[in-house]
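Following: one structure in structure tokens, then a few remarks.
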Amino acid sequence: LTGQNFRVGRLSSGNYLRTCFVDELAVWGSDQSAESGAIYNSGTTHDLTQLSTAPNHYWRMGDGDTYSTILDTVGTAHFVMYNMTAADIVNDVP
């Protein structure tokens, strides 16, 4: 992953998405479409590192994170929060 090119909550045009909520984000280095049911888990959050093929990068998006860094729980591609505050990390999901 190249940090300068990988952004969450931003359109390719450079505009930011408004009212964008992200709970968890994972990236695999291989095609996992056959495992989409196990990954999605009927919409119930679970630890993706326990899958038969763990993701290369996995961000819990606030679970245990502190402003201004969102930790990659599997790799070393940590996110730096941009144009945000500590209040943007919330403990509940809609």
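The values are calculated or read from the model by the stated rules, or taken from the named source; none is laboratory data. Predicted, not measured: the structure shown is a model, and the values here were computed from it. Using ideal geometry, Cβ is built from the backbone for each residue, glycine included, and neighbour counts are taken over all protein chains shown. Side chains are part of the model used for accessible areas, which takes the heavy atoms of the whole protein and leaves out ligands, DNA and RNA. Shrake-Rupley method; radii C 1.70, N 1.55, O 1.52, S 1.80 Å.
Can you compute the modelled spin-label distance between residue 39 and residue 16, with each label point 7 Å from Cα toward Cβ, in nm?
With each label placed 7 Å out from Cα toward Cβ, I get 2.7 nm.
Just want to confirm a number: the relative contact order over the chain, from Cα pairs under 8 angstrom separated by 6+ residues, in percent.
For the chain, the relative contact order is 22 percent.
In cubic angstrom, how much convex hull volume per residue do the alpha carbon atoms of region 34-78 span?
Numbers: hull volume 3.4 nm³, N = 45.
Each residue corresponds to 76 Å³ of Cα convex hull volume.
Solvent-accessible area of residue 80, probe 1.4 Å, all protein chains present, reported in Å² to the nearest ten, please.
Its heavy atoms expose roughly 110 Å² to the probe.
Taking amide H atoms as placed 1.01 Å from N in the peptide plane, list the residues 5 or more away in sequence, or in a different chain, whose amide H sits under 5 Å from that of residue 57.
27
Please list 3J(HN,Hα) in residue order for region 24-36, calculated via the Karplus relation 6.51 cos²θ - 1.76 cosθ + 1.60 where θ = phi - 60°; whole Hz, with x for glycine and proline.
Coupling constants for region 24-36: 9, 9, 9, 10, 9, x, 8, 5, 10, 4, 5, 9, 4 Hz.
Among all stretches of the chain without exposed chymotrypsin sites (Phe, Trp or Tyr not before Pro) (DSSP loop, at most 13 other Cβ atoms within 10 Å), which one is longest?
On the way: sites that count: 6, 21, 67, 82.
Here the longest segment lacking exposed loop sites spans 22-66.
Could you please put 33, 42 in sequence from largest to smallest accessible area, using a 1.4 Å probe? Could the numbers behind the result be given before it?
On the way: 33 80, 42 105 Å².
I get 42, 33, largest accessible area first.
At 1.4 Å probe size, put 71, 51 in order of accessible surface, largest to smallest.
Details: 71 80, 51 35 Å².
Sorted descending by solvent-accessible area, the residues read 71, 51.
Using the heavy atoms of the protein chains and a 1.4 angstrom probe, tell me the accessible area per residue for the chain in square angstrom. Walk me through the intermediate numbers first.
Working: 6840 Å² over 94 residues.
In whole numbers, the chain has 73 Å² accessible per residue.
Per DSSP H run of n ≥ 4, the term is -39500 (n - 2.57); total these for the chain, divide by its residue number, and report the mean residue ellipticity at 222 nm rounded to 500 deg cm²/dmol. Don't skip to the end; give the middle numbers.
Details: 1 runs with 5 residues, N = 94.
So the helix-based figure for the chain works out to -1000 deg cm²/dmol.
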